[in-house]
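Visitor: Have a look at this one before I ask anything.
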Amino acid sequence: MAEIGLSMDGRVPLKEIAAQAQAAEAGGATTLWIACHLFLRDPVTTAALALAATKKIKVALMALSPYSTHPVYIAMAAASLDEMYPGRVILCLGAGAPADLKAAGIGSPRPLVAIGEAVKICRLLFAGEMADFHGQMFNVEGRRLANGGRTVPIVLAASRPNMLKLAGRQADGVLISAATSPPFVKACLDLAGGGRTSCIVYTRLGPPDALRRPLGFVLRGAHHAENIRLGGATLDQQALATAYAGENWSEVDRLVGDDVVRRHAACGTPAEVRAKLDEYRAIGLDEVVLGGLDDAATIASVLKAING
């Protein structure tokens, strides 16, 4: 049976994080995946609050980008959390959402090179070794991490073939994006070929309305075209991207119709939610990460329904 994790996307006020983390831990979740979305809440601060409020649940910094944060600082952040909460920290690296990087004026050239070099730099620093790394995009010369000597697993957020293969070669695992359909997740795992596998699944008890905008936020990205194709839904991604950028929420809700939600999320009655999550489990995932749960009461009720 795959483990259950919980994703936090940075939209809720920080004062609510402790209660959410405690509800996740009490409900049997093993990992909190804390998102790093530009212009939302800082994941390192969120992770520190969640760790302080709980006793054993792990926290994954998801997916820190070497384009917006230098790999040295990424390693510093993860190692500092692990220093205080040893064995409870996971580092997830990823290129970052293209639209968000563009909005911040940040370029993202050669993602395979950038992520591959970031993995190597973080591993050197976590090990406490003197880092002399001279890459195509990053250089670290003659320095070691003050709190090195740590075992922090490194996972890659990946959805494209070459990045999935890189995860299989260099990382300890792979995280498949939210809003991905089961057929696409299977295709991704076949390419990754090894390591621990996790996937975020937007989940909700009741009607699909609350999931339309979170799904739209993800599926507006052009890199999700193959995901949508394999899932079998019909979705105008360009229109969705335009509607989201203009905060035209009625149009976003219209475009992300019931069929899109059904194919790319788990919602409905407890039995329907369990059945959809079982569809993801059957692919062979080590962990199904629940997304779209935005308050402690909802987290508690969904975990109770799944476990029941």
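The values are calculated or read from the model by the stated rules, or taken from the named source; none is laboratory data. From a predicted model like this one, the values you see are computed outputs, not experimental measurements. Because the Cβ atoms are built from the backbone with ideal geometry, glycine has one as well, and the counts that use them run over all protein chains shown.
Visitor: Listed residues Ser108, Ser159, Ser181; which is of a type in the set (S, T, N, Q), closer than 21 Å to Ala60 by Cβ and surrounded by 15 or more Cβ atoms within 10 Å (Cβ to Cβ)?
Guide: Exactly one of Ser108, Ser159, Ser181 is of a type in the set (S, T, N, Q), closer than 21 Å to Ala60 by Cβ and surrounded by 15 or more Cβ atoms within 10 Å (Cβ to Cβ), namely Ser159.
Visitor: Filter segment 42-61 down to the residues that are free of Cβ contacts under 8 Å to residues at least 60 places away in the same chain and assigned to a strand (DSSP E or B) and list them by number.
Guide: Answer for segment 42-61, where residues must be free of Cβ contacts under 8 Å to residues at least 60 places away in the same chain and assigned to a strand (DSSP E or B): Lys58, Val59, Leu61.
Visitor: Give the residue that is surrounded by the most Cβ atoms within 10 Å (Cβ to Cβ), with candidates limited to residues of segment 111-140 that are acidic (Asp, Glu) and out of contact with any Phe, Trp or Tyr (no Cβ under 8 Å at 6 or more places or on another chain).
Guide: The first filter runs over segment 111-140 and keeps only residues acidic (Asp, Glu), leaving 117, 129, 132.
Next cut, out of contact with any Phe, Trp or Tyr (no Cβ under 8 Å at 6 or more places or on another chain) only: 129, 132.
Values: Glu129: 13, Asp132: 11.
Here the residue is Glu129.
Visitor: In this structure, does Glu141 turn out to be more than 25 Å from Ala222 (Cβ to Cβ) and either without any contact (Cβ under 8 Å) to a residue 12 or more places away in the chain or polar (S, T, N, Q) (or both)?
Guide: In short, yes.
Visitor: Applying the selection to segment 251-292, what residues are on the phi > 0 side of the Ramachandran plot and within 22 Å of the chain's Cα centre (by Cα)?
Guide: Gly284, Gly292
Visitor: Could you please tell me which pairs satisfy a Cβ distance under 6 Å, a separation of 6+ or placement on different chains, a first residue in segment 114-133 that is at positive phi and modelled with pLDDT of 95 or more, and a second residue that is crowded, with 16+ Cβ neighbours inside 10 Å and small (Gly, Ala, Ser)?
Guide: If the second residue must be crowded, with 16+ Cβ neighbours inside 10 Å and small (Gly, Ala, Ser), the pairs left are Gly128/Gly148.
Visitor: On to the next question. Among the residues of segment 93-106, which ones are out of contact with any Ser or Thr (no Cβ under 9 Å at 6 or more places or on another chain) and either over 13 Å from His37 (Cα atoms) or at pLDDT 95 or above (or both)?
Guide: Gly105
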